[in-house]
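Here is the structure we will look at.
The values are calculated or read from the model by the stated rules, or taken from the named source; none is laboratory data. Model, not experiment: these values are computed from the prediction. Here the Cβ is made from the backbone with ideal geometry for all residues, glycine too, and neighbour counts use every protein chain on show.
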Amino acid sequence: MLTRSRSLCSPVWGIARLFVQVIFSACELGVFDLLATSPCALSAQQVAQALRASVDGTERLLDALVGIEILHVETQPQDGTALYRNTEVASVYLAKGGAKSLHDLAIYQSQTTYPLWNNLADVVRDGRNQNQKTFGIPPEEVFQAIYRWVSEKMLKFMGLMNSFWVLDGHDVVTAFNLAGFQNVVDLGGCTGALAREMVKAYPSSSVTVFDMPAVVEMAAKHFLQENNTLKFQSGSQSLFFRSSTKYAPITSYRVTILMTCTPSKYTRMLQESGFRDVQLCRTGKYYDAILALR
């Protein structure tokens with residue numbers, strides 16, 4: 001959703017996009033993973049050799065990361081060699097093995113979201129989704145196309161979905177007081193990351209993740225955590241809505257829609273589907289929350 005801001009019209013916006021691309025490129029190349037696992041700081045030549053990249057290009061990228069304070073650099077007094085290492089931010093958020101890794105999110109943004117920005121003028125002109133023009137996929141088939149991918153690409157997408165809730169999950173599930181809802185279903189819950197935040201915030205609630213069979217199978221294989229209390233149920237969304245009482249005596253739905261719409265459009269969509277008392281809460285994070293009753 002676009003908001004009017006002077007920064008969008010200033011040179012700072014272009015510089016910001018350049019900084020983001022620097023981080024995306026480093027994620028794709030594996031810079032942060034290499035430095036996170038190295039017992040000591042590395043030179044540009046060592047990094048380039050490990051990543052099979054050019055020394056000149058690698059040194060420029062590393063220096064750019066130092067400039068935006070994502071990497072630390074130390075200069076050897078003996079010969080002036082620059083040695084690079086991760087900052088805490090890089091190790092925690094940008095390395096694959098980081099405690100709150102956003103690595104898959106960065107890769108997805110680089111390969112999927114940023115190409116869509118090239119069609120911003122068309123979005124403004126016709127107000128339509130640009131997936132068809134950018135990737136040749138109709139907007140209504142985006143998720144079906146994702147889950148038709150081979151397992152490796154599907155796993156990366158699921159990693160992306162998992163990353164979304166690393167920073168925002170707690171804020172979303174606590175935007176409204178949901179303690180009164182003892183049976184909760186996260187429809188299209190993917191890896192269960194948001195549902196886990198729900199369990200942490202409302203330990204007395206029974207939380208079920210409902211998704212397609214292939215997704216549930218992959219989640220069980222790659223994303224289950226120790227002491228897992230989540231329940232996973234596979235099926236189709238149409239099956240869920242036809243027989244929702246089978247899974248829980250649901251009197252309300254917590255609706256999380258991962259699309260880009262205005263609040264008024266969300267409200268209209270929900271009201272047309274029979275929901276009432278639609279409430280919106282701004283979380284101050286990437287995702288806001290909507291609560292609606294039916």
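Which pairs have Cβ atoms under 9 Å, sit 6 or more apart or on different chains, and link a residue in segment 47-59 that is farther than 17 Å from Leu71 by Cβ and at pLDDT below 95 to one that is surrounded by 14 or more Cβ atoms within 10 Å (Cβ to Cβ) and of a type in the set (S, T, N, Q)?
So the pair list comes out empty.
Checking Tyr253 against (1) at pLDDT below 85; (2) more than 21 Å from the chain's Cα centre (by Cα); (3) farther than 29 Å from Met154 by Cβ, which single condition isn't satisfied?
Tyr253 satisfies all of (1) at pLDDT below 85; (2) more than 21 Å from the chain's Cα centre (by Cα); (3) farther than 29 Å from Met154 by Cβ except (3).
Scanning segment 217-237 for residues that are modelled with pLDDT under 85 and buried (at least 17 other Cβ atoms within 10 Å of the Cβ), which turns out nearest to Met154 (Cα to Cα)?
Among those that are modelled with pLDDT under 85 and buried (at least 17 other Cβ atoms within 10 Å of the Cβ), it is Met218.
I'd like the full set of residues that are under 15 Å from the mean Cα position of the chain (by Cα) and farther than 22 Å from Gln233 by Cα, limited to segment 172-191.
From segment 172-191, those under 15 Å from the mean Cα position of the chain (by Cα) are 172, 188-191; that's our starting set.
Within segment 172-191, Val172 is the sole residue that qualifies.
Of all residues in segment 73-94 being touching a residue at least 12 places away in the same chain (Cβ under 8 Å) and in contact with a Gly (Cβ under 9 Å, 6 or more places away or on another chain), which is nearest to Gln130 (Cα to Cα)?
Filtering first and then ranking leaves Ala90.
Since Val209 meets every condition but one in (1) modelled with pLDDT of 85 or more; (2) more than 22 Å from Tyr108 (Cβ to Cβ); (3) among the β-branched types (Val, Ile, Thr), which condition does it not meet?
Condition (2) is where Val209 drops out.
Based on this model, can you work out whether Ala121 counts as modelled with pLDDT of 80 or more, surrounded by 17 or more Cβ atoms within 10 Å (Cβ to Cβ) and not polar (S, T, N, Q)? Steps first, please.
Working: modelled with pLDDT of 80 or more: yes; surrounded by 17 or more Cβ atoms within 10 Å (Cβ to Cβ): no; not polar (S, T, N, Q): yes.
So Ala121 does not fit the description; no.
Which numbered condition trips up Asp33, out of (1) part of a helix (DSSP H, G or I); (2) more than 18 Å from Ser101 (Cα to Cα); (3) of a type outside the set (Ser, Thr, Tyr)?
(2)
Against the condition at pLDDT below 75, buried (at least 16 other Cβ atoms within 10 Å of the Cβ) and not in a helix (DSSP H, G or I), how does Tyr287 come out, does it pass? Break it down stepwise before answering.
Details: at pLDDT below 75: no; buried (at least 16 other Cβ atoms within 10 Å of the Cβ): yes; not in a helix (DSSP H, G or I): yes.
For Tyr287, the condition - at pLDDT below 75, buried (at least 16 other Cβ atoms within 10 Å of the Cβ) and not in a helix (DSSP H, G or I) - is not met.
Take the residues in segment 19-30 that are of a type outside the set (A, V, I, L, M) and either closer than 12 Å to Ala106 by Cα or not in a helix (DSSP H, G or I) (or both); name whichever of them is modelled with the lowest pLDDT.
Filtering first and then ranking leaves Gln21.
Consider Leu160 carefully, then state whether it is surrounded by 14 or more Cβ atoms within 10 Å (Cβ to Cβ) and either under 18 Å from the mean Cα position of the chain (by Cα) or at pLDDT 65 or above (or both). Give the steps one after another, and end with the answer.
Numbers: surrounded by 14 or more Cβ atoms within 10 Å (Cβ to Cβ): yes; either under 18 Å from the mean Cα position of the chain (by Cα) or at pLDDT 65 or above (or both): yes.
Yes: the conditions hold for Leu160.
Table: residues versus (1) in contact with a strand residue (DSSP E or B) (Cβ under 6 Å, 6 or more places away or on another chain); (2) part of a helix (DSSP H, G or I); (3) acidic (Asp, Glu); (4) assigned by TED's automatic domain parsing to the domain that holds Pro39.
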| site | (1), (2), (3), (4) |
| --- | --- |
| Glu59 | no, yes, yes, yes |
| Leu62 | yes, yes, no, yes |
| Leu65 | yes, yes, no, yes |
| Gln78 | no, no, no, yes |
| Thr112 | no, yes, no, no |
| Pro115 | no, yes, no, no |
| Ala121 | no, yes, no, no |
| Asn129 | no, no, no, no |
